[in-house]
Structure formats: structure tokens, C-alpha cells
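The values are calculated or read from the model by the stated rules, or taken from the named source; none is laboratory data. The model shown is predicted, which means the values in this text are computed figures rather than measured ones. Note that we place each Cβ from the backbone using ideal geometry, even for glycine, and neighbour counts take in every protein chain shown.
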Amino acid sequence: MMSADSISAWHPVARSADVRPGANIFAGFAQGQELALWRSADGTPQAWENRCPHRSVRFTLGQVVENRLSCAYHGWQYAAGSGQCKSIPAHPDMPPPSNLCAKVFSAVDAAGMLWVNLAGETAQAQPQDDIVPAGWSFCRTLAVRADAASLHDALARRGFASDTATAAWRGPLGQSGTVALVLDAQPLLAFIHLWTDAAPGTAAMKTLHIAARSLRSEIEEEEEEESRRPQSAA
Ligand code: FES
């Protein structure tokens, strides 16, 4: 059985549908780690540190070439899966050193999201599709100027309950049932990926969008108020 602690090592960094095979390199963050997200030709998700090991240029400036990510600066190419450098165009006859690798993190698709594990422990349980009930729709992603712990507290105060994963919160919003997948992106920046039982294009979905924007404003105001509060003497 999955434990909440092991699941919480997985971060919902992007919607799976937004990272398409061969099409784009998607920038992401998890706990301050900047990521380059992309897919190999067979659709396998890739989550790499967004930094070329040669001269630290961001991989998100590069392009996907079949099963490799090609850096925008000198065109060195790194293989999907291992991250190992396979080609140095300026030295076509020289095999790249075997230890020349991009930093690669574990990545999986589940419940319509792309999840990344920064810990590098493959034994940890992976997120499952049932985190979001079958047939539910994606509403939107909210960027919230607050840290993830404050966001969790704010959701709990509003009657949301943490589910099988600490990143997943269930509760009512607007007139709809929702699952809020919380991403700890950076200090003082979190994202809520909001899934719902409201159908796309309905009045309930419209109401949910309005309620989601209000929720963000309320949480950011609470966060600001908290930061203005004088610290009590030790
Ligand atoms: S900086 Fe990436 S190939 Fe040189």
C-alpha cells in the first residue's frame, strides 16, 4: 500500500497533455529545482535539470531531435532516459566521455499529470491514476504567491481533506467537487492544478473558475497579512 510520505516525494509539475512528444520542451519547477520537461519519441516523459552540463545553458532553449535533447548553444545532444551525451558536432569523430550526462530525474504520467521525483529513489511508490476520479475534467492551474505549507493550511481551513497523497486535496469549490493537486514550485510560489466533476462548458465550470480566482486572492491576502504580523519575542 502507498504511504502519503512516499507519494509526497512526487511533484505534479505539469499537465501531461501540455508536454507533447517531439513538440516542445516545457519549463517547470519543483521545490526550487528548475526543470526541462519533454518526451522521447515513444512518449516517455523526461524531467531533467534545466542546465546543459557543458556551459550551463538552459535546455528549454534547445530542441528535441528524435530521442535526444539538443542544446541550443553548441548543439551537443543528450539521450532520453540516461541523459548521456551522444554527439558533439564540433568533434564528430570523438566519442563523448561516458560520464558526460545531463542530470535526470524520475518522471511518470498519472491522473492526467506529469509527476517528478527529485529524490532519485526508484523504490518509492508512484502516483496512481485514481488520485483524480475517472471522467473528471481539468479546470485550470492557479499560480499562488504563497508557500505550499500555507496553501495546505488554507485548503484545510476551507474544508478540503488531504487524500491518498499529501499533494492531493479533495473538497467542494463553487458548486462542484474538486481535487486540488498542489505543487511546491519555489519559495513563496505554489501551483494548484484543479480537477473537477463539473463538465467543460457548463455553468458549474464557469462558477468554479470564478471561485478558484477568489480562492487565490483570499489565500494571497492571508499570506500577506501573516507576513505583516510582528514576530513574537522568543
Ligand atoms: S552549453 Fe550546451 S552544448 Fe555547449
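Looking at the stretch 100-120, is at least one residue over 15 Å from ARG216 (Cβ atoms), among the charged types (D, E, K, R), in contact (Cβ under 8 Å) with a residue 40 or more places away in the chain and part of a loop (DSSP other than H, G, I, E, B)? For the stretch 100-120, residues over 15 Å from ARG216 (Cβ atoms), among the charged types (D, E, K, R), in contact (Cβ under 8 Å) with a residue 40 or more places away in the chain and part of a loop (DSSP other than H, G, I, E, B): present. The number of residues in the stretch 60-70 that are crowded, with 18+ Cβ neighbours inside 10 Å and either on the phi > 0 side of the Ramachandran plot or near the ligand (Cβ under 8 Å from one of its atoms) (or both) comes to 1. Tell me, yes or no, whether the stretch 47-59 has at least one residue that is in contact with a Leu (Cβ under 9 Å, 6 or more places away or on another chain), outside any strand (DSSP E or B) and under 25 Å from GLN128 (Cα atoms). Within the stretch 47-59, not a single residue is in contact with a Leu (Cβ under 9 Å, 6 or more places away or on another chain), outside any strand (DSSP E or B) and under 25 Å from GLN128 (Cα atoms).
Here TRP38 meets each of (1) more than 12 Å from the ligand (Cβ to nearest atom); (2) surrounded by fewer than 20 Cβ atoms within 10 Å (Cβ to Cβ) with one exception, condition (2).
Filtering the stretch 187-207 to residues that are modelled with pLDDT of 95 or more and either basic (Lys, Arg) or under 19 Å from HIS152 (Cα atoms) (or both) leaves LEU189, ALA190, PHE191, ILE192, HIS193, LEU194, TRP195, THR196, LYS206.
Apart from one condition, TYR73 fits all of (1) of a type outside the set (A, V, I, L, M, F, W, C); (2) away from the ligand (no atom under 14 Å from the Cβ); (3) modelled with pLDDT of 95 or more; (4) assigned to a loop (DSSP other than H, G, I, E, B); the exception is (2).
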